[in-house]
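The values are calculated or read from the model by the stated rules, or taken from the named source; none is laboratory data. These numbers come from a predicted model, not from an experiment. Quick reminder, even Gly has a Cβ in these numbers, built from the backbone with ideal geometry, and neighbours come from all protein chains shown. In case anyone asks, the SASA skips ligands and DNA or RNA and just uses the protein heavy atoms, side chains included. Shrake-Rupley method; radii C 1.70, N 1.55, O 1.52, S 1.80 Å.
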Amino acid sequence: MKADTSARPSAADLTGGALLASIACSCSAIVLAVLGLLELDIPLTKFVRSLYHPVGYLPNPWLAYFSDIGDRLGKGESLVALSLLMLLVGAKWKRADVKLAGWQTLVAHAIVAVLSNLIKHVVGRPRPKFIHTGTVDLSPFGGSGWDSFPSGHATSAVAIAAVLAVRFPRGRWIFIGAAAAIAASRIIRGSHFLTDTVGGAALGWLMGTIAAHPWREWRSSLASALASLAPVCVGVSAAI
């Protein structure tokens, strides 16, 4: 009797209750993992502050360079310029895959820009520089400085990386590594807490994955993205 060598069902094969159950379980795992990292936010922020000179700059030139590069590369203008460059290259050299990646990264960036800014102001979490005690008080719609969660740089960079990982799988770890470096630079810069970047990265991965697939398949795309993201979040939380 031959062993069953059939592949395990993918999210696209799930329907109805099974798909909803998969999404619910994965969402729960991700949320619990991020919540588990909350207790590290203040200690890590205090450690980052200890790296700075009393007048407010990083004396270590490598850390300062890393912080500045991450800030510039993760800005909306830089990421939009990357998408436009791909569109130009794809049109000029008739590379349909590059052109599609340009469109999809633009769409992903637009989606996460709206979502992250909405969440930022609804949550109203203060930036690390406003924290001087061991507690973090939220102020929904509190205005400038009360927009720490999620990190816009991390959300956008990971969304772009997710699209590129789908379109060009051979370079997926380069794209993911670059996005992770941008997210880490936001912590080193003192602009965000750990959970701001992890939460932003999770949102970016989900929206980028959806943008990189046909819209009519968004449910199965979301389920697949959640299923791939949940073990990573749980593993990072457990390891830290």
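Numerical summary
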quantity	calculated
Pairs with Cβ under 6 Å, 6+ apart, first in segment 56-84 and small (Gly, Ala, Ser), second open to solvent by 70 Å² or more (accessible area, probe 1.4 Å)	Ser67/Arg189
Per-region count, segment 182-203, residues modelled with pLDDT of 95 or more and outside any helix (DSSP H, G or I)	2
Residues of segment 123-179 classified as within 18 Å of the chain's Cα centre (by Cα) and aromatic (Phe, Trp, Tyr), total	3
Answer from Arg127, Arg49 - the residue that is basic (Lys, Arg), under 23 Å from Ile187 (Cβ atoms), touching a Gly at 6+ places or on another chain (Cβ under 6 Å) and modelled with pLDDT under 95	Arg127
When residues of segment 189-219 are limited to those that are in contact with a Leu (Cβ under 7 Å, 6 or more places away or on another chain) and more than 23 Å from Leu35 (Cβ to Cβ), the one most open to solvent (accessible area, probe 1.4 Å)	Arg219
Tabulated pairs, segment 213-233, first touching a residue at least 60 places away in the same chain (Cβ under 8 Å) and more than 20 Å from Ser28 (Cβ to Cβ), second open to solvent by less than 60 Å² (accessible area, probe 1.4 Å) and not in a helix (DSSP H, G or I), C-beta under 6 angstrom, 6+ apart or interchain	none
Pair list, Cβ < 7 Å and 6+ apart or interchain, from segment 155-177 residues that are modelled with pLDDT of 95 or more to residues that are open to solvent by less than 10 Å² (accessible area, probe 1.4 Å) and not in a helix (DSSP H, G or I)	Ser156/Gly74; Ala157/Gly74; Ala162/Ala212; Val163/Ala212; Val166/Ala212; Arg167/Ala212
Selected residue (criterion: farthest from Gly200 (Cα to Cα)) from residues of segment 111-152 that are of a type in the set (Gly, Ala, Ser) and in contact (Cβ under 8 Å) with a residue 24 or more places away in the chain	Gly134
Output for segment 45-92, where each listed residue is in contact with a Ser or Thr (Cβ under 9 Å, 6 or more places away or on another chain), more than 23 Å from Pro126 (Cβ to Cβ) and polar (S, T, N, Q)	Ser83
Residue list for segment 129-181, restricted to those being surrounded by 20 or more Cβ atoms within 10 Å (Cβ to Cβ), in contact with an Asp or Glu (Cβ under 8 Å, 6 or more places away or on another chain) and either of a type in the set (A, V, I, L, M, F, W, C) or part of a helix (DSSP H, G or I) (or both)	Phe149, His153, Ala154
